[in-house]
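Trainee: Handing you this structure, nothing more for now.
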Amino acid sequence: MKDRLVYVYKSSRKLRTYLYLEERDNFSKLPGGLLDAFGAPKFVMVFSMAKHPRLPKITPEELERSLNERGYLLRIDLEDEEENLLNEERRLRGLPPLTREQIDGFFH
């Protein structure tokens with residue numbers, strides 16, 4: 001796997017939705033409606049694939065393949081909606097997130 005820089009953006013419309021690009025601010029390879037659905041991309045970070053062999057929720061091989069074939073990778077973190085909304089509210093209030101077990105205790 002060759003070393004390359006990867007640029008990461010988060011969606012302004014969808015929680016936990018990220019876009020990985022091979023060039024900063026180059027959205028020309030995205031399909032027509034994808035950018036509209038994604039909303040205004042907010043730059044999060046740039047990283048070197050050689051220096052980060054472990055990535056959250058995707059493998060370096062998946063990322064490399066997608067960048068080579070399409071020029072981007074769209075990652076949508078599908079998590080439990082109750083957990084996401086509750087912890088998002090806690091984050092906004094400056095509180096630490098609850099674990100899955102703590103959340104389950106509320107509903108039993």
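Read-outs throughout are calculated quantities, based only on the coordinates presented, and are distinct from any laboratory measurement. Every value quoted in this text rests on a predicted model; they were computed, and no experiment measured them. Using ideal geometry, Cβ is built from the backbone for each residue, glycine included, and neighbour counts are taken over all protein chains shown.
Trainee: Helix 60-69: angle to the longest alpha-carbon principal axis of the chain, degrees 0 to 90, nearest 10?
Mentor: Around 50 degrees separate the two axes.
Trainee: Same structure, new question: With point charges of +1 on the Cβ of Lys and Arg and -1 on the Cβ of Asp and Glu, referenced to the Cα centre of the chain, which listed residue (94, 26, 11) lies farthest in the positive direction of the dipole?
Mentor: Among 94, 26, 11, the one farthest towards the positive end of the dipole of the chain is 26.
Trainee: Which residues make up the longest stretch of the chain clear of GluC sites (Glu not before Pro) that lie in a DSSP loop with no more than 16 other Cβ atoms within 10 Å, not counting the sites?
Mentor: Answer - 24-78.
Trainee: Within the chain, how many Lys pairs sit with Cα atoms under 18 Å apart, leaving out pairs fewer than 8 places apart on the same chain?
Mentor: On the way: 2/51; 10/29; 10/42; 10/57; 14/42; 14/57; 29/42.
Pairs that pass both the separation and distance tests number 7.
Trainee: Right, next: Could the peptides 54-60, 13-19 be put in order, highest first, of the mean number of other beta-carbon atoms found within 10 Å of their residues?
Mentor: Descending mean neighbour count gives 13-19, 54-60.
Trainee: Grab the other residues whose beta carbon is less than 9 angstrom from that of residue 67, score K and R as +1, D and E as -1, and report the net.
Mentor: Values: positive: 4, 65, 70; negative: 22, 64, 69.
So the environment of residue 67 carries a net charge of 0.
Trainee: Over the chain, what is the relative contact order in percent, taking alpha-carbon pairs closer than 8 angstrom and at least six residues apart?
Mentor: 28 percent
Trainee: Next up: Using only DSSP helix segments of four residues or longer, with each worth -39500 (n - 2.57), what per-residue ellipticity at 222 nm results for the chain after dividing by its residue count and rounding to 500?
Mentor: The helix contribution divided over the chain gives -9500 deg cm²/dmol.
Trainee: At a Förster radius of 25 Å, what calculated FRET efficiency corresponds to the Cβ-Cβ distance of residue 13 and residue 101, to the nearest 0.05?
Mentor: The value I calculate is 0.20.
Trainee: Return, for the Cα atoms of the chain, the radius of gyration and Dmax in Å, separated by a comma.
Mentor: Rg and Dmax of the chain, Cα atoms, are 16.3, 50 Å.
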